[in-house]
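Trainee: Here's a structure for you.
The values are calculated or read from the model by the stated rules, or taken from the named source; none is laboratory data. A quick note: this is a predicted structure, and the numbers were derived from the prediction, not measured. Ideal geometry is used to build each Cβ from the backbone, glycine not excepted, and the neighbour counts take in all protein chains shown. Please note that ligands, DNA and RNA were not included when accessible areas were found on the heavy atoms of the full protein model with its side chains. Shrake-Rupley method; radii C 1.70, N 1.55, O 1.52, S 1.80 Å.
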Amino acid sequence: MTFDELRDKAHALPLKPGVYIMQNAASEVIYVGKAKALKNRVSQYFQDQSRHNEKTRAMVSQIDHFDVIVVQSEFEALVLECALIKRHQPRYNILLKDSKGYPYIRVSAEQYPKFSLAAKAEDDGARYFGPYGGRFASQGIIDALREALRLPACRRKFPRDIGKERPCLNFHMGVCDGYCRPEMDQGQYGRSVGQAVRLLEGRLDEVVDELTAEMNLAAEDLRFEKAAQLRDRIRAIQLLSKRQKAVAGSLADTDVVGYYRGEAKSCFVVLHYIDGELAAKDWELLNVPMEDEQDTVAALAAQYYGGRGQLPRQILLPCDIDEQVELARMLTEAVGRKVEVLTPQRGAKMDLVKLANENAAEEVLRATTAEERRSKLTEALGALLGLESSPHRIEAFDISNTGSSDIVASMTVHIDGRPLKRDYRHFKLKDMPHADDYASMKQVVERRFRRYLDGDEKFSAKPDLLLMDGGAGQVKAAQEAMKELGLGDIPVFGMVKDGRHRTRALMAWDGREIGIQSNQALFAMVGRIQEETHRFAIEFHRQQQAGHLKGSALDGIPGVGPARKAQLLKAFKSVKAVKAAALEELLAVVPKNTAQAVYSHFHGLTDRQGEDGMP
């Protein structure tokens, strides 16, 4: 279907709740969404594309057709959306990895059993324990079991690999009994696994008593090294039991959800609390989604908790979501008891949410390098402006003047969003009879790229994007200069400001504004470029003014200070013109006493002679 056909089909949809399924030309499901009113929601995709972020535009560009399923309520829409996302795994939906949520610990059914995490209990002969609070905490239990009972954590297969290689570092560090050694009592493996199983079943005292008896027997036989090993194992098991209890108990109390959206990555965090104490943390890094914060948190929470047999009694969210009531109902029906979904606004619960958000931000910061963040920003800028690739080198221009005197321009250079100050350039505008920002912009762009075409090594780099301080007029002026030089392939946009002189948007030559405020990091980057370019222009302009005023022939004239000198030079353009000016011309610019003093200074008259007009 064409874009217009898709738009017409969207406008024909009913104002009823339901789910929409976007598909590409190969009939692959690329996005699934829900809506309170299908017509309003789906139509938004086929309106002004400049309002969408880069991922939404990419998704819309691949839509060949779409289907909708009308339902009776928003609750039904939420449940159906979750089921369809789980089934199709659409590439443009934000997705948690498989087995996220409350995992089970699996003990395989084989001669040498292995421990692993599983998303759910299967009927495969293995034993399952849990569910536990989160994947990371649960994996920590497995690791602690292996270490406490000195079970292997390597990838060797038993009995196949017994005696094939030397023991690994774990054996020499004392965290594994070395079952790969032929001389090792292989029956001990089964006994240790059996102890691990009993620990998972909560039979701590039984295991401790058994090991204590072994320790005492070893001590009586004067095998003190063995006795010390068993003593350390007992201590490790006692610590493990406390940890296991905390993680498992987190299911019965409160979960706190946190979310942070970075430039290159986002993070979804769940903190599990029991009796007011933090027991475990689960988190996942994700690519930056095309949905806003509310929609993202709603989608991730539904995926994380949906289909789980064990849930907390209370879930705290970092922001309000439209389907909060429906999500609570879905989870309550899933476990057969009430599950509250709340968004705290103040107090202790709000402090917990802030902590979860801080944890999410820290994970993103650790996982994202500065180069990745800048790369994502320029990628987002290129997509927003419809460029074929990310703008690696950005050059920005600004004009500064005081009337028609000292008209100057600045050019700043930014590589992947970072200033490259060695490539900054200043320009003095030539042959400008009066202030004209458009003509000034055209001249400076023409001079910059004339030097490029002439092979000047100081201007040898070709930019990927030009940004003008100003609106459509400045953009058109720059484009004219580029076309005349045969360089019309370089994109040009304006940086426009609001009433408070802050960057508001980018502007195309036809006056079309491109909003950047939806991406705060991109908004900040463009603002920094504009402010840096303006600063560089103002500094050069002030230097030029200071140069005119310093050491001037106007110095020493009574009543003529720096302000009067600037006033005279602004009106007459040069000291020579001030010297040649008639008294009446001076009176039109400065007060009478000052005008008389200046005229008398250059014409060798006394004040009285000047007043009388006598030679």
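Trainee: Enumerate by residue number the GluC sites (Glu not before Pro) in the range 378-429 meeting two conditions: DSSP loop (anything except H, G, I, E, B), and at most 13 other Cβ atoms within 10 Å of the site's Cβ.
Mentor: Taking the range 378-429 and a limit of 13 other Cβ atoms within 10 Å, the loop GluC sites (Glu not before Pro) found are Glu388.
Trainee: As a test question: what accessible area, to the nearest 10 Å², does Lys376 have when a 1.4 Å probe is rolled over all protein chains in place?
Mentor: 80 Å²
Trainee: Å³ per residue of the Cα convex hull, for the range 396-516?
Mentor: 120 Å³
Trainee: Once the Cα gyration tensor of the range 261-383 is found, what semi-axes does its equivalent ellipsoid get, as square roots of 5 times the eigenvalues, in whole Å, sorted largest first?
Mentor: Equivalent ellipsoid semi-axes, largest first: 29, 17, 13 Å.
Trainee: Still on this structure, I have one more. Just to verify a number: what accessible area does Ser574 come out at with the full protein assembly present, 1.4 Å probe, Å² rounded to tens?
Mentor: Ignoring ligands and nucleic acids, Ser574 comes out at about 40 Å².
Trainee: Would you kindly give the portion of the calculated P(r) for the range 445-590 that falls above 22 Å, as a percent of all Cα pairs? Don't jump to the answer; show the numbers that get you there.
Mentor: Values: 6188 of 10585 pairs.
In whole percent, the share of Cα-Cα pairs in the range 445-590 beyond 22 Å is 58.
Trainee: What does the charge count around Val288 come to, taking other residues whose C-beta lies under 12 Å from its C-beta (Lys +1, Arg +1, Asp -1, Glu -1)?
Mentor: -2
Trainee: Using the C-alpha atoms of the range 376-428, what convex hull volume per residue, in cubic angstrom, is computed?
Mentor: Cα convex hull per residue, to the nearest whole number: 96 Å³.
Trainee: If you don't mind, there's one more thing I want to ask. Work out the count of Lys pairs in the range 373-508 where the Cα-Cα distance is under 25 Å, with the pair 8 or more places apart or on different chains.
Mentor: Lysine pairs meeting the criterion: 28.
Trainee: For Glu585 and Lys497, what is the calculated FRET efficiency with R₀ set at 35 Å and r taken between the beta-carbons, to the nearest 0.05?
Mentor: Numbers: r = 38 Å, r/R0 = 1.08.
FRET efficiency, Glu585 to Lys497: 0.40.
Trainee: Over the range 300-406, what relative contact order in percent results from Cα pairs under 8 Å that are six or more residues apart?
Mentor: Values: 71 pairs, mean separation 20.2, N = 107.
About 19 percent, as a whole number.
Trainee: If amide H atoms are built 1.01 Å from N in the plane of the peptide, which residues on other chains or at least 5 residues away come under 5 Å of the amide H of Asp253?
Mentor: Arg313
Trainee: Which ³J(HN,Hα) values in Hz, rounded to whole numbers, follow from the phi angles of the range 466-476 under the Karplus curve 6.51 cos²θ - 1.76 cosθ + 1.60, where θ = phi - 60° and Gly and Pro get x?
Mentor: For the range 466-476, the Karplus-derived couplings read 10, 10, 9, 6, x, x, 4, x, 5, 5, 4 Hz, x marking Gly and Pro.
Trainee: What list of ³J(HN,Hα) couplings, whole Hz, do you get for the range 503-512 from phi and the Karplus terms 6.51, -1.76, 1.60, once you set θ to phi - 60° and write x for glycine and proline?
Mentor: My calculation for the range 503-512 gives 4, 10, 6, 9, 10, 8, 4, 8, x, 6 Hz in order.
Trainee: Take the eigenvalues of the Cα gyration tensor for the range 317-399, scale each by 5, and report the square roots as semi-axes in whole Å, largest first.
Mentor: Whole-Å semi-axes of the equivalent ellipsoid: 41, 18, 13.
Trainee: Tell me the net charge near Val197. Cut-off is 10 Å between Cβ atoms, Val197 excluded, with +1 for each Lys or Arg and -1 for each Asp or Glu. All intermediate terms of the calculation are to be shown ahead of the outcome.
Mentor: Details: positive: Arg127, Arg198, Arg203; negative: Glu201.
That sum, taken over residues with Cβ under 10 Å, equals +2.
Trainee: Right, another one. When you count, for each residue, the other Cβ atoms within 10 Å and take the mean per peptide, how do 582-593, 453-464 rank with the highest first?
Mentor: Per-residue Cβ counts within 10 Å, averaged per peptide and sorted highest first, yield 582-593, 453-464.
Trainee: Find the relative contact order for the chain and round it to a whole percent, using C-alpha pairs within less than 8 Å whose residues are 6+ positions apart.
Mentor: That works out to 8 percent.
Trainee: If you line up the long axis of helix 592-603 against the longest principal axis of the chain, both from Cα atoms, how many degrees apart are they, to the nearest 10?
Mentor: 70 degrees
Trainee: Excluding Phe3 itself, calculate the net charge of residues whose Cβ lies under 15 Å from the Cβ of Phe3, where each Lys or Arg counts +1 and each Asp or Glu counts -1.
Mentor: -2
Trainee: Can you give the Rg to Rh ratio of the chain, both from alpha-carbon atoms, with Rh computed by the Kirkwood formula?
Mentor: Over the Cα atoms of the chain, Rg/Rh equals 1.19.
Trainee: Helix 562-572: angle to the longest alpha-carbon principal axis of the chain, degrees 0 to 90, nearest 10?
Mentor: 70 degrees
Trainee: Angle, helix 187-200 long axis vs. longest principal axis of the chain, Cα atoms, 0 to 90°, nearest 10?
Mentor: The angle comes out at about 70 degrees.
Trainee: What figure, in Å² to the nearest 10, do you get for the accessible area of Lys476 with a 1.4 Å probe and non-protein molecules left out?
Mentor: 100 Å²
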